[in-house]
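The values are calculated or read from the model by the stated rules, or taken from the named source; none is laboratory data. None of the values given here were measured: they were computed from a predicted structure. We place every Cβ from the backbone using ideal geometry, glycine too, and count neighbours over all the protein chains shown.
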Amino acid sequence: MAFIKEESEDIKIEETFTVKHEETEEAFRVKHEDPEEQTDPMPFKEESQDQNEMEKKDQFEGCRDLRSGGESEQTKTSSQKTAQKTKSFTCHQCGKSFKRKQCVIDHMRVHTGEKPYPCQQCGKSFKWKQSVIDHMRVHTGEKPYTCQQCGKSFACKQNFKHHMKMHTGEKLHICKHCGKSFTWNQNLHEHMRIHTGEKPYTCHECGKSFTRKHKLKEHMKVHTGETPYSCQQCGKSFNRKQKLTDHIKVHTGEKPHACQHCGKSFNRKQKLKDHMRIHTGERSYVCHQCGTSFTWKQNLTNHMKTHTIGKPHICPQCGKSFTQKRTLTEHMSTHTGEQRFPCHKCGKSFSWRNVLAQHLKVHTGEKPYACQHCGKCFSTKGNSRRHELTHTKTSLTPGKS
């Protein structure tokens, strides 16, 4: 009986479930088939499309309004990003600007003198990390940057770039005062000190100032007595490498720098530049106290002593005074009769160095002093001046009728 009762209960539950399921299906079917109660999804879809179109239109109108009255939010955001990219960071000491903050931090070491990157081999310190990397090649001998035109190699990429400008002849940096052009901006910056008179590098031993840092370094060897550059032929040593290079030409007889006017050759380019002033009559070194001008810088330096220390070198025999000790030594030859300057061509000796220099022109045939009126050339400046007086006297003499 229990089994029959249980089975009947199961049948009841199944019937109940079936009836409810059929009612649900019927309700669902009626809901979808009854034209009066059916809900059409199309109006909703059209309404959504209209709403989207309206939203787009509103957005467009908004952008158009912003463009007419000002820039859009998108444009504004883009401008802000561009401004952030081009944002400059300025050094508060010199006013130089940089695109990155780290560049300013690195640049500040120029002012502070901080050198946080030491070489592990020699202990030399540097301001920038790349400088240590380049410096290490001094120890390893590595020179990875090679010029394709001349084959010369460099340890530093920057030096290689500078070298390449020598082949191209590029000189983009021009002095606004004198028009002289330079391959590198640093050279122009140093050149400007000639016009401004600025000499920022001062010797702490004697107080002498220089326009360039390497000039100060070379000068310091005068105080230390350091002469690291030695001639392999005669053993003479020098405090500058360039001096050794020029000295070597004494042994080889090489004089690659020739004057185009008189043909005289020189072993140094600077000597040729100085010599050219004889032809041009240029006197670019002017005393700011009395206005006297000079052809060579050394003459101005010697002249300045007449204003500052006078003539401290006095001859003990005749009392004549001189600004330079060398001039006094040469003057003493007039009393002793000593002739310390012999001519290597004919053996004739002279008491004065400049007299020997004039005599040598007899052998070389050099006549660097030209008359401004007729162009006639002379070996000595004195002869040239005396000749020019003949033109002056002729112009002053009344013409014959």
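What's the number of the condition K264 fails, among (1) farther than 27 Å from A357 by Cα; (2) among the basic types (K, R); (3) touching a residue at least 40 places away in the same chain (Cβ under 8 Å)?
The number of the failed condition is (1).
Scan segment 120-153 for residues that are in contact with a Cys (Cβ under 8 Å, 6 or more places away or on another chain) and either closer than 25 Å to H107 by Cα or in contact (Cβ under 8 Å) with a residue 12 or more places away in the chain (or both) and report the count.
Residues of segment 120-153 in contact with a Cys (Cβ under 8 Å, 6 or more places away or on another chain): 125-126, 132, 134-137, 139, 145, 153.
With either closer than 25 Å to H107 by Cα or in contact (Cβ under 8 Å) with a residue 12 or more places away in the chain (or both) added as a condition, the list becomes 125-126, 132, 134-137, 139, 145.
Total meeting the criteria: 9.
Tell me, please, whether a residue that is closer than 23 Å to K264 by Cα, out of contact with any Asp or Glu (no Cβ under 8 Å at 6 or more places or on another chain), touching a residue at least 12 places away in the same chain (Cβ under 8 Å) and not in a loop (DSSP other than H, G, I, E, B) can be found in segment 302-320. Working first, answer last.
First, pick out the residues of segment 302-320 that are closer than 23 Å to K264 by Cα: none.
The answer is no; no qualifying residue exists.
Show the residue pairs that are 6+ apart or on different chains and have beta-carbon atoms under 6 Å apart, the first residue being within segment 336-350 and without any contact (Cβ under 8 Å) to a residue 12 or more places away in the chain, the second being surrounded by 12 or more Cβ atoms within 10 Å (Cβ to Cβ) and of a type outside the set (S, T, Y).
S349/Q339; S349/P342; F350/Q339; F350/F341; F350/L356
Condition check: surrounded by 12 or more Cβ atoms within 10 Å (Cβ to Cβ), outside the structural domain of I194 (by TED's automatic domain parsing), assigned to a helix (DSSP H, G or I) and at negative phi. Does H261 satisfy that?
Spelling it out, it is not the case that H261 is surrounded by 12 or more Cβ atoms within 10 Å (Cβ to Cβ), outside the structural domain of I194 (by TED's automatic domain parsing), assigned to a helix (DSSP H, G or I) and at negative phi.
Quick one: C147 ticks every box in (1) assigned by TED's automatic domain parsing to the domain that holds E114; (2) within 30 Å of T196 (Cα to Cα) except a single one, so which number is it?
(2)
Answer yes if at least one residue in segment 78-89 is surrounded by 11 or more Cβ atoms within 10 Å (Cβ to Cβ) and modelled with pLDDT of 85 or more, and no otherwise.
Checking segment 78-89: at least one residue is surrounded by 11 or more Cβ atoms within 10 Å (Cβ to Cβ) and modelled with pLDDT of 85 or more.
Test I278 against the criterion of being in contact with a Pro (Cβ under 6 Å, 6 or more places away or on another chain) and at pLDDT below 85, and give yes or no.
Details: in contact with a Pro (Cβ under 6 Å, 6 or more places away or on another chain): yes; at pLDDT below 85: yes.
For I278, the condition - in contact with a Pro (Cβ under 6 Å, 6 or more places away or on another chain) and at pLDDT below 85 - is met.
All but one of (1) part of a helix (DSSP H, G or I); (2) farther than 28 Å from C262 by Cβ; (3) more than 44 Å from the chain's Cα centre (by Cα) hold for H391; state the number of the condition that does not hold.
All conditions are met except number (2).
Pick from segment 321-343 the residues that are at pLDDT below 85 and assigned to a loop (DSSP other than H, G, I, E, B): which of them is surrounded by the most Cβ atoms within 10 Å (Cβ to Cβ)?
That would be T323.
How many residues are surrounded by 11 or more Cβ atoms within 10 Å (Cβ to Cβ) and either part of a loop (DSSP other than H, G, I, E, B) or under 22 Å from the mean Cα position of the chain (by Cα) (or both) when one looks only at segment 106-121? Let's see the steps before the verdict.
Quick first cut of segment 106-121, residues surrounded by 11 or more Cβ atoms within 10 Å (Cβ to Cβ) only: 106-111, 114-119, 121.
Cutting the leftovers down to either part of a loop (DSSP other than H, G, I, E, B) or under 22 Å from the mean Cα position of the chain (by Cα) (or both) gives us 106-111, 114-116, 119, 121.
Number satisfying all stated conditions: 11.
Condition first: under 25 Å from K297 (Cα atoms), under 11 Å from the mean Cα position of the chain (by Cα) and of a type in the set (S, T, N, Q). Now tell me which residues in segment 184-198 satisfy that.
Q186, N187
Assuming T202 fulfils every condition listed in (1) of a type in the set (S, T, N, Q); (2) exposed (fewer than 14 other Cβ atoms within 10 Å of the Cβ); (3) within 30 Å of T252 (Cα to Cα) apart from one, which condition is it?
Here T202 meets the rest and fails (3).
Does T211 fit the bill of being among the β-branched types (V, I, T) and free of Cβ contacts under 8 Å to residues at least 12 places away in the same chain?
Values: among the β-branched types (V, I, T): yes; free of Cβ contacts under 8 Å to residues at least 12 places away in the same chain: no.
It is false that T211 is among the β-branched types (V, I, T) and free of Cβ contacts under 8 Å to residues at least 12 places away in the same chain.
Given K161, K176, K171, which one is within 20 Å of the chain's Cα centre (by Cα), modelled with pLDDT under 85 and in a loop (DSSP other than H, G, I, E, B)? Working first, answer last.
On the way: K161 fails: in a loop (DSSP other than H, G, I, E, B); K176 fails: modelled with pLDDT under 85.
Residue meeting the stated conditions: K171.
Looking at segment 235-254, I want the residues that are part of a strand (DSSP E or B) and have a partner that is of a type in the set (A, V, I, L, M, F, W, C) with Cβ atoms under 7 Å, at least 6 apart or on another chain. Which pairs are those?
Note: pairs meeting the criteria are F238/L244.
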